[in-house]
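First up is the structure itself, then whatever we jot down about it.
The values are calculated or read from the model by the stated rules, or taken from the named source; none is laboratory data. Please read all numbers here as calculations on a predicted model, not as lab measurements. Here the Cβ positions follow ideal geometry from the backbone for every residue, glycine too, while neighbour counts run over all protein chains shown.
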Amino acid sequence: MNRRRRPARSRGLTLLEVLAGLAVLAVLATMAMPSLSGLMQGHRLAAAAEALAGDLREARFEAVRSGEPLHLQSQQPGAKAWCWSIARQPGCDCATTPAAGCSLKTVRASDHPGIALLGPLQARLEPQGQAGQVASAELASAQGQRLRVELAALGRSRICVPEQADRAGHARYPHCQAGNTYR
């Protein structure tokens, strides 16, 4: 009985097949990077806007609780070293370290990398829970996405998308209304 041997089947991939698969993965990863970067910037922008709106709500609550007005103001808007602070007196400079001892809370640009604070923000929150004046500030990502945080006369804060900005990635926020008519 003469048995012929069958050639053994290989149970793996050749080096050429592995290299071709890695090349396809590299091309797909390269195509996905810009959209992933934009997604991350959008999340960082939303986090910064949520932090500012949350600080306004917290300051309003603390002003009512303590019976004293509180002030929220920003320093160096538009620069890379911006900051905002909540303080018991106006004019507390959050840009100095450690915020000249007058700040209750300070948030710096380094807490939100890649995000710019575009305009100055000064708000006085009264012990009755109202704001001294209507105020707003815009935040922007490095890729041009924008969100605005508005403070209404009743002391409520909200986040909205400026009318000239694209809502892509921020569909959960409404468009801002002209003239900051939020109540």
Check your understanding: Only one residue in 123, 81 is over 19 Å from the mean Cα position of the chain (by Cα) and modelled with pLDDT of 85 or more. Which one?
Key -> 123
Study note, to complete from the structure: When residue 74 is run through (1) surrounded by fewer than 16 Cβ atoms within 10 Å (Cβ to Cβ); (2) modelled with pLDDT of 80 or more; (3) among the hydroxyl-bearing types (Ser, Thr, Tyr), the failure sits at (1)
Review point. Where residues in the range 147-162 are over 15 Å from the mean Cα position of the chain (by Cα) and part of a strand (DSSP E or B), which of them is nearest to residue 73 (Cα to Cα)?
Key: 151
Revision key, fill the gap. Counting only residues in the range 32-71 that are surrounded by 17 or more Cβ atoms within 10 Å (Cβ to Cβ) and of a type in the set (Lys, Arg), the one nearest to residue 86 (Cα to Cα) is identified as 60
